[in-house]
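Participant: This is the structure I have questions about; it appears just below.
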Amino acid sequence: MNYSSYIALIPLLPLAAFILLGLFGRKYMNQSAGIIGTGLLLISTVLSIYTAYQYFFVDGKVGDTYQTITAFKFTWLSFSETVSIDMGIILDPISVMMLVVVTFVSLMVHIFSLGYMKGEERFATYYAFLGLFTFSMLGLVVSSNLFQIYMFWELVGASSYLLIGYYFQKPSAVAASKKAFIVTRFADLGFLIGILVLAFYGESLDFNTIIQNLTAQQSSQFVAITSASFIGVSALTWGLTMVFMGGAGKSAMFPLHIWLPDAMEGPTPVSALIHAATMVVAGVYLVARLFPLFAINEEALSIVTIVGLVSALFAAVIACTQTDIKRVLAYSTMSQIGYMMFALGVSGTGGENGLGYTASMFHLFTHAFFKSLLFLGAGAVIHLVHSNDMKDMGGLRKYMPITHISFLIACLAIAGVPPFAGFFSKEEILLAAYNASMPVYIIALLTSGLTAFYMFRLYFSIFWNKETEVHGHHGEGTFSMKLPLILLAACTLAAGFIPFGEFVSADGKALESHFHLSFSIAPVALGLAGIFIAMLMYKKENNKPQQVATALGGLYKAAYKKFYIDELYLFITKKIVFNLIGRPAAWIDRNIVDGLMNGIASGTGKISNLIKNLQSGKIQNYTLYFFGGLAAFLIIFIYFWKP
C-alpha cells in the first residue's frame, strides 16, 4: 500500500481549516465555519479509518509481527552524517490507533459544537482553534523523531492555551490558560533536556535508531549512556526521567496536575477534546513510544509506576468531594491517566509479560470514547441548566432522555461494569498489576471502587436526587448535539469486544487476553458496592452526604480543597521564589546593573556638556584656541629646551 499518496492529508486538512477559518472566517464565513471545519475533519477521519484497515488487515504485518512503516520522510536540517532533523510520518500499531482516536473524537466534538456553540460571536475563531489543535495532535502521534514530536508537543500546548482562554473576557479563563501554559512549560523544559541526553548518547533523533542503539547491550552507545552518571544516577535514567517529566506535565500527573481542573474554564466541548481524550494522553503515548528504553531501565519504570499510582488514587479521592461537574470529570481524567501510566510501569516487553503495555493502550482507546461521552453529556446538561454546580441539578432524566441513557452507559463503563468497554480494559490493567506487584494491585483496586462511587455520585446528583424544574427551554439541544452522544455510546458498548491484543502489543506480536471470571469478581463487586453506596447517598435528597462529610472532618475538607496543593504552589512562588529570589534579583537589576549603566550614561553626558563648546562653530573661538595652544607649546618648548 502506498500510504505516502494520501497520509499527509490526515493532519493537513485540519491545518487547512485553521488557516482558512483563521484568516477569512469571521469576515466571510462565520455562520458556515462549523460546516467547513467539520467537513474537512470528516475527510481526515475517513482516511484515518481507511489507514487503520489497510495497516491492520492488509499490509502492516510481516510474518506474525506488525512493522513500523515510514510513510513519509524528508530531511529538514542536516548536521552530520548521523544527526539530522527530519520531518516524517511513521505508522505502527499505536500511531495508527491514535490517528483513529484523535480524528474520531475531534469529529464528535466538531459536530456537537455546531449546536452547543451556535450564536457565538467568535464562532469561526473557535473552529479555527479546534483545527489547529487537531493538526497539532495528529502531527504529534505520527512524528518519526524526537525533535519533530517536541515541535508538535509545544504546538499542542499553544493550541490548548488558545482554547482554554477562548472566553478571554472572563478573568478566570485567562488565568486558567496562563496556568496551563506555565505549568506545562516547566515540564517541557525537562522533556527538552531528556531529548538532548537521549539524542547525544543515541547519536540520532530518530525514534527507531535511538531505540536500536541504546537497547543493544553490546553497542558503544548503550555502554556510554549506562556508564555515564550524575550524582550516582546513570545518564539513561536521567534522560528517561526528564522525558517522563514532560509527559507527566502534559498528562497532568501529580504534582504537575494543578492546571487540569482550571482548564475546565474553556467551552465544554473543548474539555472533551483536549482534557479527556487526546491531549492528556500525550504523555502516555510518549512513554509508550519510547517504551523499549523504559523497559531496560528499572529506575525510570519505577518512577512511572509510582507517579501513575499516586495520581490515580489522589485524584479519585478529590473527585469524591467536588461539586462542579466538569471538575469531577477533570479529576476522573487524571485518575484514569494514572491507571494507564502505572500499567506501563508494571509491564515488560513481550508476551504475557507485556500485558501492562497492551492494557494501557487498550484503556487509552476505550477511555477516549466514554470520557468524551461524559464531557459532551455534561455539556448538554450545562446547556440546559446554565450551571456547572451539582447543587443546581437533579431529576433531569425526564428532560434529557438521550443524555441520561448515554451518560449512564459512560458511567457504567468507567466504573468497570461488564459488558461495557471500560470493564475489559480496566480488568487487563488490574491483572497486569496483580501479576507484577500486590501493593500496586491493592491500591489500583481501591481506586477502582472510588471511581465507581464518585461517578455515580455525579450521575445520581444530575439525573435523580431532587427535582429541578426547567421551563421554556429547548430540551436536550439540537440533533447535532444528540448524534455524537449516540455514536459515542455505541462505541462505549462495542469497543471492549475488540481483540485489542491482536493489534497492539509491546513487541508487535499478537497477545491473547484471557477473561478470568474468578479474577473479575473482586473488582466488579467493589465497583457495584461503590455504585450502591452512591445510590443510597445521592439518589434521593437527604442529609447523608453532609453527615459523612462532617464525620470525616479534616480529611473531607482537605480533599475538597484539593489537599491545598495550589496553595502550596502559591506559597512557594510568592513567599519563597518572589521574596527570596525575585526581590533580591530585582534590586540587583535595578541598583547595580541599571545603576552602572545609568552612571556611565550620566558621566558621558556630563563630559559632553563640558567639552561641547570646543566645537561651537564660531571662528573667533577656534582662533583663540589656536593661539592659546601655540602659546602653550612655545612655553613648554622654551622651558624644556636646552641648547
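Here, each number is a calculation from the coordinates, and none is a lab measurement. Values in this document were obtained by computation on a predicted structure and should not be read as measured data. Neighbour counts are summed over all protein chains in view; Cβ atoms, including those assigned to glycine, are modelled from backbone coordinates with ideal geometry.
Participant: Tell me which aspartates and glutamates have Cα within less than 12 Å of Lys575's Cα, excluding those fewer than 8 residues away on the same chain?
Facilitator: Lys575 reaches Glu567.
Participant: A follow-up question, please. Relative contact order of region 319-456: what whole-number percent is it, with Cα pairs under 8 angstrom and at least 6 residues apart?
Facilitator: 29
Participant: Given H placed 1.01 Å from N in the peptide plane, which residues other than close sequence neighbours of Gly394 have an amide H under 5 Å from its amide H?
Facilitator: So Gly394 has HN proximity to Thr468.
Participant: Okay, moving on. Please compute the contact order of region 297-560 in relative form: average sequence separation of alpha-carbon pairs under 8 Å and at least six residues apart, divided by the residue count, as a percent.
Facilitator: Relative contact order for region 297-560 comes out at 25 percent.
Participant: When the Cα centres of region 116-179 and region 59-93 are compared, how far apart do they sit, in Å?
Facilitator: If you average the Cα positions of each part, the centres end up 27 Å apart.
Participant: Follow-up. Are any of the pairs Lys170/Lys539; Lys426/Lys482; Lys250/Lys509; Lys170/Lys466; Lys250/Lys426 more than 26 Å apart by Cα-Cα distance, and if so, which?
Facilitator: Lys170/Lys539; Lys426/Lys482; Lys250/Lys509; Lys170/Lys466
Participant: I would also like to ask the following. Which value in Å is the Kirkwood Rh of region 170-218 over different Cα pairs?
Facilitator: One decimal place: 13.0 Å for the Kirkwood radius.
Participant: I've got another one for you. Quick one: if you stick a label point 7 Å off each Cα along the C-beta vector at Asn591 and Ile498, how many nm between them?
Facilitator: 6.4
Participant: Any aspartates and glutamates with Cα under 17 Å of the Lys326 Cα? List them, leaving off those in the same chain fewer than 8 positions away.
Facilitator: Those aspartates and glutamates meeting the cut-off are Asp262, Glu265, Asp389, Asp392.
Participant: For the chain, how big is Rg over Rh, using alpha carbon atoms and the Kirkwood form of Rh?
Facilitator: 1.13
Participant: What nm value, rounded to one decimal, do you get for the distance between Leu9 and Gln546 when each label is placed 7 Å out toward the C-beta?
Facilitator: 6.1
Participant: Continuing with this model, one more query. Taking H as built 1.01 Å from N, whose amide H comes closer than 5 Å to the amide H of Ser84, not counting residues under 5 places away?
Facilitator: Phe79, Leu205
Participant: Read phi for every residue in region 190-203 and hand back ³J(HN,Hα) as whole Hz from Karplus 6.51 cos²θ - 1.76 cosθ + 1.60, θ = phi - 60°, with x for Gly and Pro.
Facilitator: Values per residue, Gly and Pro as x: x, 4, 5, 4, x, 4, 5, 5, 5, 5, 5, 7, x, 6 Hz.
Participant: Alpha carbon centre of region 391-434 versus region 561-629: separation in Å?
Facilitator: Centre-to-centre (Cα) distance: 63 Å.
Participant: How much length would be gained if the chain were fully extended between Phe626 and Gln54, taking 0.36 nm per residue of separation minus their Cα-Cα distance, in nm to one decimal?
Facilitator: 196.5 nm
Participant: Would you kindly derive the ³J(HN,Hα) couplings of region 93-107 from the backbone phi angles with the Karplus curve 6.51 cos²θ - 1.76 cosθ + 1.60 (θ = phi - 60°), listing them in order in whole Hz, with x for Gly and Pro?
Facilitator: Result, rounded to whole Hz: x, 6, 5, 5, 4, 5, 4, 5, 4, 5, 5, 5, 5, 4, 4.
Participant: Can you give me the Rg/Rh ratio for region 571-640, using Cα atoms for both radii and the Kirkwood formula for Rh?
Facilitator: Radius of gyration over Kirkwood radius for region 571-640 works out to 1.51.
Participant: What share of all Cα pairs of region 297-560, in percent, falls into each consecutive 5 Å distance bin?
Facilitator: Whole-percent P(r) values from 0 Å outward: 1, 6, 13, 17, 18, 15, 12, 8, 5, 3, 1, 0, 0.
Participant: What is the spread of the Cα atoms of region 219-335 along each of their three principal axes, largest first, in whole Å?
Facilitator: Ordered largest first, region 219-335 gives principal extents of 54, 24, 19 Å.
Participant: Continuing with this model, one more query. Need one word for region 1-131: rounded, prolate or oblate. Basis is the Cα gyration tensor (sqrt eigenvalues a ≥ b ≥ c); a/c below 1.5 gives rounded, then a/b vs b/c decides.
Facilitator: oblate
Participant: About the Cα centre, and with charges only on the beta carbon of Lys, Arg (+1) and Asp, Glu (-1), how big is the dipole of the chain? Nearest 20 debye, please.
Facilitator: So the dipole magnitude of the chain works out to roughly 2280 debye.
Participant: Return the lysines within reach of Lys27: Cα separation strictly under 19 angstrom, same-chain partners fewer than 8 residues apart disregarded; answer none if there are no such residues.
Facilitator: List returned: Lys118.
Participant: Calculate one ³J(HN,Hα) per residue across region 400-415 by plugging θ = phi - 60° into the Karplus curve 6.51 cos²θ - 1.76 cosθ + 1.60, and present them in order as whole Hz with x for glycine and proline.
Facilitator: 9, x, 5, 4, 4, 5, 5, 5, 5, 4, 5, 5, 5, 5, 6, 6
Participant: Quick check: from the Cα gyration tensor, does region 505-623 come out rounded (a/c under 1.5), prolate or oblate?
Facilitator: prolate
Participant: Taking 0.36 nm per residue of separation and subtracting the Cα-Cα distance, what length does fully extending Ala529 through Val223 add?
Facilitator: That works out to 105.0 nm of additional length.
Participant: Is the C-alpha gyration tensor of region 189-241 telling us rounded, prolate or oblate? Criteria: a/c under 1.5 is rounded; beyond that, a/b larger than b/c is prolate, otherwise oblate.
Facilitator: Taking the square roots of the gyration eigenvalues as a ≥ b ≥ c, region 189-241 is oblate.
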